[in-house]
Amino acid sequence: MSSHQKPVISLKNIYTAYEGAEYPVIRDVSLDIFPGEFVIIGGPNGAGKTTILETINGLLKITHGEAEVLGMNVSSKGNNIRKRVGYVIQNFAFDPMTPFNVGEIVLMGRYGLIGPLKKTGEKDINRALEAMKVLKIENLKDMPIGKLSGGQQQKALIAQSIAKDPEILLLDEPFSNLDLLTREFVSEMLGEMARKGCTIIIVSHAFDALPDFDIRIVAMNEGRISLDETCSPDEVENKIRSISGEIQNA
Amino acid sequence: MLEFLISNNIVCHAVEAMLFASLSCSILGVIVTQFNVSSIGFTMAHAAFAGAAIGMFAGINSTLAAIAASVLVALLIGPVGEYSKMSTDSILGVFFGMTMAIAIFFIAYMQYLGMGMSATALLFGDVVSLYREEIYALAGISVISIIFVYLFYKEISALIFNRKIAEASGIPVKPLYYGILFIIALAVALSLNIIGGLLLFVWLVTPAAAAYQFCHSLKSMFIVAPAIAGTVSVIGALAGLAWSLPVAPLTAIMITSVFVVSMILSPKRKISYRKPY
Ligand SMILES: Nc1ncnc2c1ncn2[C@@H]1O[C@H](COP(=O)(O)OP(=O)(O)O)[C@@H](O)[C@H]1O
Ligand SMILES: [Mg+2]
């Protein structure tokens, strides 16, 4: 987590715009994130939190600035980056009749990594099973994903993103559908992953269990970074509250 | 190819053509319907239709013209949407109207000029006057469709589940997407003479929609949809020729009937208290 390491994510004066939009949503953002850091991104609705996650994994077009992730240029090597970066999307809604079960969805996390024209192997299936065990959804393996509750679907998507053994994990409000107990063990799992060197970036307002090491808080407002501080876990709640307060007063 | 089964040459060729056209269209139809790009399939079918009409009018190979028009529209949808800042659906509506107008314009004009016979084949299909090469091409596109789905099954299934999640997982979504559109363009253009521009959509959508009613996995849909389409098309061709009925419209009605029956019988719509879900 120290600055003599090479950052895994390095954004320099980044602007990101949606197709057809007149103004960029992300404006002049610079951010260096180091291996194993646990980063919480906060800020009001529409601040650009989702947009910055999708800038990091190259799903959105960077109009200005330089972005490097895992040593690769985001604009030209986006696909190679995404094979090694997990992403749990914020908004999902699945057709109740969609012909996929939980086991397939979790395994799907590894498809990019496996690559085209190659079959899924035993290792892939084992990793998917382990991920389901971690999320305690192995009993849902053969259930159609469309017929599960929002929280169960959320757990399947989190399992999917960890099945690929990501070096960076991006989570966009992953707790919004989860019950208290689940929020706790997912938070613990994320802390454990960070301790093993995975960089965790999580957009969230509520934390029920934080890892026992320093946490970096990045607050966003109107497409810019308004605060970027590292603090101890017991300061996090106050910090997050003060961000929301500052923004409301602004 | 099936001469050993059916001795009458015309009937044999008609059955072969219907079988191969239905296999490729229904396999690709699973992707088209599940990936929610029915309107793209629809528009491409009509672009092929317009291309064929132009080709026929200009005296160039109408199948090649159909392929060209269909591919062109597939390639234009994305960029035109970006340029005009309109939703894909509106763009497709515009393209659809335009291709339909072009096709009907040329067909009507050809009828006026006395070139009417071959032009109606474009509208409603014709299984009787086929070239051997057309049947080989249809067999070829069926094989290509099957191989494509087999080779890229993982990627296709992820894309169908959720495009954003597929892309985030590192699947090369764009090349795959354009690959799918290109194969659809080929299948649609080659099936045009047999099934007709007005009915192509039935083969692209209805067998997959019927399979969806009772398939719990994507894999089974890729088997059930062509099984339905192939069986019904062969029966349709035999029945149509035996009783001198228009083959493609008859078969289209039969496929639609299968869809209605499968929807009524669909286990997915039933509530079962004995099973755990
Ligand atoms: N697909 C889109 N097209 C155009 N603008 C968008 C799109 N998605 C989000 N925006 C705009 O970008 C801004 C930031 O959105 P987002 O990053 O989703 O905010 P949040 O911090 O709530 O995640 C919002 O003002 C929103 O209007
Ligand atoms: Mg968001």
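Region A:206-243 to region B:175-212: how many Å between their Cα centroids? Between the Cα centres of region A:206-243 and region B:175-212 lies a distance of 52 Å.
A straight chain from A:A21 to A:S242 at 0.36 nm per residue would run longer than the Cα-Cα distance by 76.4 nm.
Relative to the longest principal axis of the Cα atoms of chain A, the long axis of helix A:74-84 lies at roughly 40 degrees. Largest GNM mean-square fluctuation among B:A48, B:A209, B:A239, using chain B with Cα springs under 10 Å: B:A239. Chain A against chain B buries an accessible area of about 2800 Å², both chains summed, 1.4 Å probe radius.
When each full DSSP H helix of chain B is screened for a Cα extent of at least 20 Å along its own axis and an average Kyte-Doolittle hydropathy of at least 0.0, the helices passing are B:9-34, B:38-58, B:62-84, B:88-112, B:132-151, B:173-195, B:200-214, B:218-242, B:247-265. Candidate cross-link partners of A:K133 among the aspartates and glutamates, defined by an alpha-carbon separation under 18 Å and a same-chain spacing of 8 or more, comprise A:E104, A:E122, A:D124, A:D142, A:D165, A:D179, A:E184, A:E188, A:E192. A loss of 10 Å² or more of accessible area (1.4 Å probe, protein heavy atoms, ligands and nucleic acids excluded) relative to the isolated chain is seen in these residues of region A:7-35: A:E19, A:G20. In a reduced charge model with +1 at each Lys and Arg Cβ and -1 at each Asp and Glu Cβ, chain A shows a dipole moment near 920 debye about its Cα centre. Under 16 Å from a label point set 7 Å out along the Cα-to-Cβ vector of A:A93, the amide N atoms of region B:29-49 belong to B:36. Report the relative contact order of region B:147-274, percent, no decimals, based on alpha-carbon pairs under 8 angstrom and at least 6 residues apart. Here the relative contact order equals 22 percent. For chain A, averaging the sequence separation of C-alpha pairs within contact (under 8 Å, six or more residues apart) and dividing by the residue count gives a relative contact order of 25 percent.
Compute the Cα gyration tensor for region B:1-159, then decide on rounded, prolate or oblate, letting a ≥ b ≥ c be the square roots of its eigenvalues: rounded whenever a/c is under 1.5, prolate when a/b is larger than b/c in the other cases, and oblate in all that remain. Judged from the Cα gyration tensor, region B:1-159 comes out oblate (a/c at least 1.5, b/c at or above a/b). Considering only B:L250, B:I40, B:A58, the residue lying farthest towards the positive end of the dipole of region B:9-265 is B:I40, judged by Cα position with unit charges set on Cβ. Annotation: per residue accessible area for the protein assembly as shown equals 45 Å², rounded to a whole number [probe 1.4 Å, protein chains only].
With R₀ set to 41 Å, the beta-carbon distance separating A:K196 from A:H64 gives a calculated FRET efficiency near 0.75. Helix A:122-134 sits at what angle to the longest principal axis of chain A, using alpha carbons and giving 0 to 90 degrees rounded to 10? Between the helix axis and the principal axis of chain A, the angle is about 70 degrees. Calculate the tail of P(r) for region A:17-96: the fraction of all Cα-Cα distances greater than 15 Å, expressed in %. Value for region A:17-96: 62 percent of Cα pairs lie more than 15 Å apart. Among the chymotrypsin sites (Phe, Trp or Tyr not before Pro) within region A:179-250, those in coil by DSSP and having at most 15 neighbouring Cβ atoms inside 10 Å are A:F213.
With an a/c value of 1.5 or above and a/b not larger than b/c for the gyration tensor axes a ≥ b ≥ c computed over the alpha-carbon atoms, region B:9-265 is described as oblate.
Buried on complex formation within region A:123-172 (loss of at least 50 square angstrom of accessible surface versus the isolated chain, 1.4 Å probe, ligands and nucleic acids ignored): no residues. Compared with the dominant principal axis of the Cα atoms in chain A, helix A:233-249 is inclined by about 60°.
When the Cα positions of A:L171, A:N80, A:T182 are compared along the charge dipole of region A:68-224, A:N80 comes out farthest toward the positive end, with charges on each C-beta of Lys, Arg, Asp and Glu. Comparing the full protein assembly with the isolated chain (1.4 Å probe, heavy atoms, ligands and nucleic acids excluded), the residues of region A:44-69 losing at least 10 square angstrom of accessible area are A:E54, A:L59. Region B:1-50 and region A:1-75 have their alpha-carbon centroids 47 Å apart. If R0 equals 45 Å, the separation of the Cβ atoms of B:V143 and B:T120 corresponds to a calculated FRET efficiency of about 0.90.
What is region B:152-277 by shape, rounded, prolate or oblate, if you read a ≥ b ≥ c off the alpha carbon gyration tensor as root eigenvalues and call it rounded for a/c under 1.5, prolate for a/b larger than b/c, and oblate otherwise? Here region B:152-277 falls in the oblate category.
Taking every alpha-carbon pair under 8 Å whose residues sit at least 6 apart, region A:64-131 reaches a relative contact order of 24 percent. Here region A:28-81 is treated with +1 on each Lys and Arg Cβ and -1 on each Asp and Glu Cβ, and its dipole about the Cα centre works out to around 200 debye.
Its Cα centre serving as origin, region B:9-265 has a Cβ charge dipole (Lys and Arg +1, Asp and Glu -1) of approximately 400 debye.
The values are calculated or read from the model by the stated rules, or taken from the named source; none is laboratory data. The structure displayed is predicted, hence computed values, not measured ones. We place every Cβ from the backbone using ideal geometry, glycine too, and count neighbours over all the protein chains shown. Accessible surface areas use protein heavy atoms only, side chains included; no ligands, DNA or RNA. Shrake-Rupley method; radii C 1.70, N 1.55, O 1.52, S 1.80 Å.
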